[in-house]
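What follows is a single structure, written as structure tokens, with notes after it.
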Amino acid sequence: MGKTKGWSDWLSWGRKWASQPRVSDSIDHWRSGVIGHRKAHSAWGLWQDWRKDESALLQSSEEIEVLDFGADCPKEGRMLKVQVGHLAQRASSDLRKGYWLSASAAERSRADLGQKRVKILELGTCLGSGAAQLLQGCDGQAQYFGLEGSPALAGKTEARLKRQFQHSEISLRVGPFSETLGPVLDEVGPFDLVFLDGHHSGRALLSQWKSIHPHLAKEALVVVDDIRWSQDMFAAWNALAKDGGVETLDVFRMGLLKTTTSEIKGTHSGLVRPPRHLWS
Ligand SMILES: C[S@@+](CC[C@H](N)C(=O)[O-])C[C@H]1O[C@@H](n2cnc3c(N)ncnc32)[C@H](O)[C@@H]1O
């Protein structure tokens with residue numbers, strides 16, 4: 001699968017990324033919306049609550065039992081004992097990813113949706129760090145649906161989000177994606193914003209995209225986490241990016257896909273990175 005390991009792998013990814021074209025700063029486009037919000041959202045004050053929660057999680061030595069549905073686990077999952085602090089460090093979205101998540105949410109919530117709130121779907125909530133960033137981008141006004149395999153993690157995410165975002169609708173579905181995704185798409189879709197952060201394999205990404213695509217709003221944003229996690233994830237990202245009906249923004253650690261009404265199949269024009277000074 002060629003998993004990305006160590007500095008030399010990351011440097012090599014960085015060099016290739018640097019050769020991709022940059023998006024123009026002044027384009028009148030959804031990308032300029034996301035980039036504008038990304039700049040604005042780096043403001044220190046915005047993140048005080050998030051930082052407070054995150055630093056408590058990072059310092060926590062609480063041990064919880066997590067039901068894992070990762071790559072080599074049996075169908076019914078595997079129970080693991082983990083320390084909350086370790087999980088926050090290893091698996092949760094950090095601030096740099098958070099800027100892009102909140103900027104993506106802000107772009108969707110400022111668009112004319114013909115409805116009151118942005119409808120968000122997240123695959124893999126862990127401790128709710130990414131979800132809090134998404135909801136912050138919508139100024140706490142959203143309908144959020146999180147799918148999580150582990151009951152303990154879903155419980156922690158739900159408690160965190162309901163405490164911090166009292167004006168949003170928060171709903172968690174617990175179980176493996178193979179059981180929760182289909183029903184949520186049928187019952188709740190179409191979604192305006194989707195964050196795919198559950199299962200980092202190219203095959204899973206392509207299959208999730210296939211299921212989710214018909215349940216996206218006409219103009220929806222899909223954020224794919226860890227597109228350079230492995231060669232296989234990057235190959236899947238590229239396959240999606242070059243497919244018809246999407247435009248992309250490659251922010252290095254994550255990729256943003258926007259569904260469009262125009263067909264741009266087979267062009268590289270979508271594989272652009274942000275302007276200077278905006279590192280992922
Ligand atoms: C990388 S963490 C998510 C981090 C979170 N999105 C954030 O931004 O902080 C991945 C999560 O996906 C969950 N997960 C992975 N594979 C799953 C599956 N097949 N079904 C359900 N949950 C799964 C894990 O339990 C874990 O909590």
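Within the listed set Glu65, Glu247, Glu187, the residue fluctuating most in the Gaussian network model of the chain (springs between alpha-carbon atoms under 10 angstrom) is Glu187. What the chain shows is 47 Å² of accessible area per residue, with the surface traced by a 1.4 Å probe over protein heavy atoms. Each listed q (0.18 Å⁻¹) maps to a log10 I(q)/I(0) for segment 1-157, found by the Debye formula over equal Cα scatterers with no solvent: -1.22. Can you tell me which of Gly255, Gly36, Gly14 moves the most in a GNM of the chain? Springs connect C-alpha atoms under 10 Å apart. Top of the fluctuation ranking is Gly14. Quantify how much of the Cα-Cα distance distribution of segment 52-145 extends past 23 Å, in percent. Of the Cα pairs, 37 percent sit more than 23 Å apart.
Here segment 146-197 yields Rg over Rh of 0.96, to two decimals, using C-alpha coordinates and the Kirkwood radius. Rolling a 1.4 Å probe over the protein heavy atoms of segment 28-259, with every protein chain left in place, gives an accessible area that is 48 percent carbon and sulfur. Rg/Rh for the chain (Cα atoms only, Rh after Kirkwood) is 0.93.
With the radius of gyration and the Kirkwood radius both derived from the Cα set of segment 183-232, what is their ratio Rg to Rh?
A ratio of 0.99.
Dividing the Cα radius of gyration of segment 119-254 by 2.2 N^0.38 Å, with N the residue count, gives 1.00.
Given in Å, the Rg to one decimal and the Dmax to the nearest whole number for the Cα atoms of segment 22-92 are 18.9, 50. Comparing mean-square fluctuations of Asp226, Asp112, Asp192 from a GNM of the chain with C-alpha springs under 10 Å, the top value falls on Asp112.
The values are calculated or read from the model by the stated rules, or taken from the named source; none is laboratory data. Treat the numbers as computed from the prediction; the structure is a model and nothing was measured. Ligands, DNA and RNA are stripped out before the accessible areas are found, and what is left, the full protein with its side chains, is counted by its heavy atoms. Shrake-Rupley method; radii C 1.70, N 1.55, O 1.52, S 1.80 Å.
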